[in-house]
Amino acid sequence: MAELFSLVFLTLLALTTGMRVWLALRQLRHVAAHRATVPAEFSDRIDLADHQKAADYSRARIRLGIIELTVDAALLLLFTFGGLLFAFDQFWRDIFAGAGSAHGLALFASVGVAGFCVSLPFSLYRTFTLEARFGFNKMTARLYIADLFKQLLLTVLIGAPLLLAVLWLMGAMGEHWWLYVWAAWLGFNLLVLLLYPTFIAPLFNKFTPLADGEMKTRIEALLARCGFASSGLFVMDGSKRSAHGNAYFTGFGRAKRIVFFDTLLDKLAPGEVEAVLAHELGHFRHRHVWKRIAVMAALSLALLWLLGQVIDQTWFYEGLNVGTGETAQNTAMALILFSLVLPVFAFPFAPLMSWLSRRHEFEADAYAAKQANGNELIAALVKLYRDNAATLTPDPLFSLFYDSHPPASQRIAHLRTVSL
């Protein structure tokens, strides 16, 4: 059984990695083939130079992504068949004289540090070379290091207690432990949604109330029409890290707040900002956040149940080369292994999740066209495509797998239809 599982895993890893590289190469060729001409529906609003910048930016990101996914596949093989995870496990067993909670924390920390060391060069290159080359990076080395330190601190203060609770539940709650872990995990995510706007996000960015004026008046009128109550309208200093612009609302209940990137407010007219916000409120009106939480809850329950079925199977550990027999089995090892191999088995379902997200975007656009001005939303989106260097000509199959938002041409065509 272990040999069969090894064969299945290695085959799927090769197929999914090959598929992802093939999709990326399709995207590279498709974007390059359409680089010379602006699509007709955008030719009156986007210059050829901006279109070509978007094509070059997209291709640069894809080329880096190909290298990154290849390295990630190699790291996964190193952890499993290369014996690195087994070596970590044995080292910490010797230190802590067994596989208890301290061993579990140390094992997770070892995997996390190894993954961080591998991903750090890519992050540095993406931020300080690729993004800087296209004029998007505003991050300083000092701010980058400060962000890393804050993320590490949050991981230790929040992640470590959560992990200890999960490992304890896995070991103490019998054969139905996965139900208790699921309840704890779901409760944790809801708590983070509640606390993030007021306690976590301000650690990384400064949030100031939106100033009085035409824009605030229009936004408050929109909120009244939509029946949306929030804890405030805020502007975030996104420009200190990037030139990209965005807007979002976060939290739930009384903790809901609407946030605009300062870069967005600098680029869009008041009516366009109103239309963008109407789109975000469309997600609220259609209960997309709660629907996604429900999907996440159902998926996490199914996956934890699946982990519950394999956690005591020796073939699961032996097939991934992390030990033999019962000596390999412990809750931390099971959780790590499951997390490492899950993306390999889940990749074929990526188009389904992308389809669901794109459907929500169409619904939010339709709502925005009714509550604000659909033409203003089109104008705002075109500006955002241009200023964020988003490609207007993605490969259809690549987009099917990866894009959470509809391709630009489809989205604009849909908006023109619902704005009539």
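How many angstrom separate the Cα center of segment 264-312 from the Cα center of segment 139-158? Measuring centre to centre over Cα atoms gives 25 Å. Ellipticity at 222 nm from helices only: DSSP H runs of n ≥ 4 in the chain, each -39500 (n - 2.57), divided by the residue count, give -22500 deg cm²/dmol. For segment 45-94, the Kirkwood estimate of the hydrodynamic radius, built from every pair of different alpha carbons, is 13.8 Å. Residues whose amide H falls under 5 Å from that of R257, counting only those 5 or more places apart or on a different chain, are S231, T250, with hydrogens built in the peptide plane.
Is there a quick way to get the dipole size of the chain? I mean about its Cα centre, with the Cβ of Lys and Arg at +1 and of Asp and Glu at -1; what is the value in debye to the nearest 20? Working shown, then result.
Numbers: 36 positive and 32 negative charges, 192 e Å.
Here the size comes out at about 920 debye.
Counting only DSSP beta bridges with both residues in the chain, what percent are antiparallel, rounded to the nearest 5? Don't jump to the answer; show the numbers that get you there.
On the way: 8 of 12 bridges.
Here the share of antiparallel DSSP bridges comes out near 65 percent.
Taking every alpha-carbon pair in segment 100-252 and binning the separations at 10 Å intervals from zero gives 8, 25, 29, 23, 12, 2, 0 percent.
Put a dot 7 Å past the Cα of L148, heading toward its Cβ, do the same for I95, and the two dots end up 2.1 nm apart.
If the viscosity is 0.692 mPa s and the temperature 37 °C, what translational diffusion coefficient in µm²/s does Stokes-Einstein give for segment 308-420 when Rh comes from Kirkwood over Cα pairs? The calculation lands on 189 µm²/s. Translational diffusion of segment 243-312 was estimated from the Stokes-Einstein equation, with Rh taken as the Kirkwood radius over Cα pairs; at 37 °C and 0.692 mPa s the coefficient is 223 µm²/s.
Arrange the peptides 408-417, 377-386 so that the one whose residues have, on average, the most other Cβ atoms within 10 Å appears first.
Details: 408-417: 16.8, 377-386: 21.1.
Those peptides, ordered most packed to least, come out 377-386, 408-417.
As a proxy for reagent exposure, ranking Y367, Y125 by other Cβ atoms within 10 Å from fewest up yields Y125, Y367. Based on DSSP H assignment, which helices of the chain show an axial Cα extent of at least 30 Å together with a mean Kyte-Doolittle hydropathy greater than or equal to -0.5? Correct list, ordered by number: 2-33, 48-79, 101-125, 288-310. For segment 356-408, state the average projected area of the convex hull of the C-alpha atoms over all orientations, rounded to one decimal in nm². For segment 356-408, the mean projected area of the Cα convex hull comes to 3.7 nm².
Computed as a quarter of the hull surface, the mean projected area of the alpha carbon convex hull for segment 204-354 stands at 12.4 nm². Beta bridges assigned by DSSP with both partners in segment 190-336 are antiparallel in approximately 65 percent of cases. Here the 3J(HN,Hα) profile of segment 128-136, calculated from phi with Karplus coefficients 6.51, -1.76 and 1.60 at θ = phi - 60°, is 9, 10, 5, 5, 5, 4, 9, x, 9 Hz, Gly and Pro shown as x.
When the P(r) of segment 34-139 is calculated, the portion above 20 Å amounts to 60% of the C-alpha pairs.
With point charges of +1 on the Cβ of Lys and Arg and -1 on the Cβ of Asp and Glu, referenced to the Cα centre of the chain, which listed residue (P396, A247, S119) lies farthest in the positive direction of the dipole? Highest projection toward the positive end goes to A247.
Counting only residues at least eight positions apart within a chain, or on another chain, the lysines with an alpha carbon under 22 Å from that of K138 are K53, K150, K206, K240, K267, K383.
Values quoted throughout were computed directly from the atomic coordinates according to the rules given, and no laboratory measurement underlies them. Here the structure is a predicted model, which means the values were calculated and not measured. All Cβ positions, glycine included, derive from the backbone under ideal geometry; neighbour counts span all protein chains shown.
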